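The values are calculated or read from the model by the stated rules, or taken from the named source; none is laboratory data. Just so we're clear, the structure is a prediction, and the values are computed from it rather than from any experiment. In this analysis, Cβ positions are derived from the backbone assuming ideal geometry, glycine residues included, and neighbour counts consider all displayed protein chains. Side chains are part of the model used for accessible areas, which takes the heavy atoms of the whole protein and leaves out ligands, DNA and RNA. Shrake-Rupley method; radii C 1.70, N 1.55, O 1.52, S 1.80 Å.
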Amino acid sequence: MTILTGKAEARRKLQPEGSGVLRKIWEHRADYAYVLPAIAVMLIVIAYPIYYTIELSFFNTPPGLQLRDKIFIGLDNYTAILTSPVFWTVTSNTLIWTFGSTLISFVLGFACALALHRDFVGRGILRAILIIPWVISAVAASYIWKWIYHSDFGIIGAVLVGLGLADRPPNFIDSVSTVLPSLIVVNIWREFPFAMIMMMAGLQTVPDQLLRAAKVDGANAWQRFWHVTFPHLRNVSTVTILLLAVANFNSFIIPWIMTGGGPSNASHIWITHIYELAFGRQRWGVASAYSVLLFLILMSFGYFYVRALSGNERKDGSA
């Protein structure tokens with residue numbers, strides 16, 4: 001008995017004091033040995049690029065110089081970004097693109113989920129048709145919509161002229177005033193099925209007995225939705241909106257393929273502008289500074305996403 005007590009005291013002394021993360025890691029140190037290879041790979045392919053991007057953001061990298069000849073300039077890249085009128089144009093485009101695409105995609109997807117939640121003939125076929133935009137390759141969809149919007153050969157322009165609604169085909173993606181809304185329409189078309197799937201999954205968790213009880217108590221369809229259905233969908237709605245916002249903020253394929261940021265930066269968002277600075281103009285330092293700012297913004301989205309998931313786990317645990 002004395003020997004066992006002595007071993008327990010020795011083991012307790014080896015453990016770090018406190019009940020935080022370090023203690024949990026120490027208690028499960030043998031388990032972490034199995035994931036060390038995966039951690040090493042993550043450090044190589046994720047941690048090092050992040051570190052190098054942050055380091056590069058403090059250097060000037062003129063196109064005529066190699067990266068090893070970069071010049072340290074401190075925070076000048078960040079100052080140049082924040083004082084540039086292009087930065088505010090791109091930021092405005094990004095906010096309009098993100099909020100417009102996220103909000104309308106969520107509302108449209110939610111409406112489709114509510115409609116498909118009812119039993120009717122052909123529901124499965126309609127559900128499969130509505131999912132098509134989401135499963136199509138973004139590259140293929142971008143080229144298809146680019147031809148649909150084409151000012152000379154586009155279907156929309158031909159229909160408008162044929163019906164007498166326009167004298168000539170409109171320039172959807174060649175006009176500064178219409179290019180961003182036109183791209184947002186394409187992005188909504190492609191993303192609303194994701195919101196629809198997420199909300200359809202959430203609707204499966206709404207207890208039928210509560211809906212029946214509310215109907216017996218005299219609640220109409222809107223009251224049942226607002227007081228019974230929607231509260232059960234609050235968490236899945238938060239997660240869906242955050243995922244859509246992150247995807248839209250970091251979206252690249254549709255705006256780049258369809259317009260390349262033009263005309264006159266009217267459709268440039270952060271991610272396409274960063275790509276152009278880095279690979280088009282070889283301004284690696286400025287592009288890295290942009291990337292650091294974008295990383296911080298996306299990290300804030302990630303924080304709220306993790307909080308939303310943690311809230312769901314606590315709610316499930318208490319239930």
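Conditions (1) closer than 30 Å to Ser57 by Cβ; (2) of a type in the set (Gly, Ala, Ser), marked per residue:
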site: Ser84; (1), (2): yes, yes
site: Leu95; (1), (2): yes, no
site: Val107; (1), (2): no, no
site: His117; (1), (2): no, no
site: Arg127; (1), (2): no, no
site: Ile132; (1), (2): no, no
site: Ala138; (1), (2): yes, yes
site: Ser151; (1), (2): no, yes
site: Gly154; (1), (2): no, yes
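Residue count for the stretch 207-232, restricted to those that are in contact with a helix residue (DSSP H, G or I) (Cβ under 7 Å, 6 or more places away or on another chain), of a type in the set (A, V, I, L, M) and under 13 Å from His117 (Cβ atoms): 1.
Looking at the stretch 282-304 only, could you name the residues that are polar (S, T, N, Q), more than 15 Å from Val246 (Cβ to Cβ) and open to solvent by 30 Å² or more (accessible area, probe 1.4 Å)? Spell out how you get there, then give the answer.
Going through the stretch 282-304, the residues polar (S, T, N, Q) turn out to be 282, 288, 291, 300.
From the residues that got through so far, the ones that are more than 15 Å from Val246 (Cβ to Cβ) too are 282, 288, 291.
Gln282, Ser291 - these are the residues of the stretch 282-304 that are polar (S, T, N, Q), more than 15 Å from Val246 (Cβ to Cβ) and open to solvent by 30 Å² or more (accessible area, probe 1.4 Å).
Scanning the stretch 123-142 for residues that are in a helix (DSSP H, G or I) and either loosely packed, with under 13 Cβ neighbours inside 10 Å or of a type in the set (Lys, Arg) (or both) returns Arg123, Gly124, Ile125, Arg127, Ala128, Ile129, Ile132, Val135, Val139, Ala140. Of the set (1) surrounded by 12 or more Cβ atoms within 10 Å (Cβ to Cβ); (2) at pLDDT below 90; (3) under 30 Å from Trp147 (Cα atoms), all apply to Phe279 but (1).
Kindly indicate whether any position in the stretch 289-307 is in contact (Cβ under 8 Å) with a residue 24 or more places away in the chain and touching an Asp or Glu at 6+ places or on another chain (Cβ under 7 Å).
So the first thing to find is which residues in the stretch 289-307 are in contact (Cβ under 8 Å) with a residue 24 or more places away in the chain, and the list is 289-295, 297-298, 301-302, 304-305.
This time we only want the ones that are touching an Asp or Glu at 6+ places or on another chain (Cβ under 7 Å), so: none.
No, because not a single residue in the stretch 289-307 is in contact (Cβ under 8 Å) with a residue 24 or more places away in the chain and touching an Asp or Glu at 6+ places or on another chain (Cβ under 7 Å).
Within the stretch 143-165, which residues are modelled with pLDDT of 90 or more and open to solvent by 50 Å² or more (accessible area, probe 1.4 Å)? Passing the criteria: Tyr143, Ile144, Lys146, Trp147. For the stretch 166-270, the helices (runs of 4 or more DSSP H) that sit wholly inside it and include 1 or more residues that are of a type in the set (Asp, Glu) and either open to solvent by 20 Å² or more (accessible area, probe 1.4 Å) or touching a residue at least 60 places away in the same chain (Cβ under 8 Å) (or both) are 179-203, 208-216.
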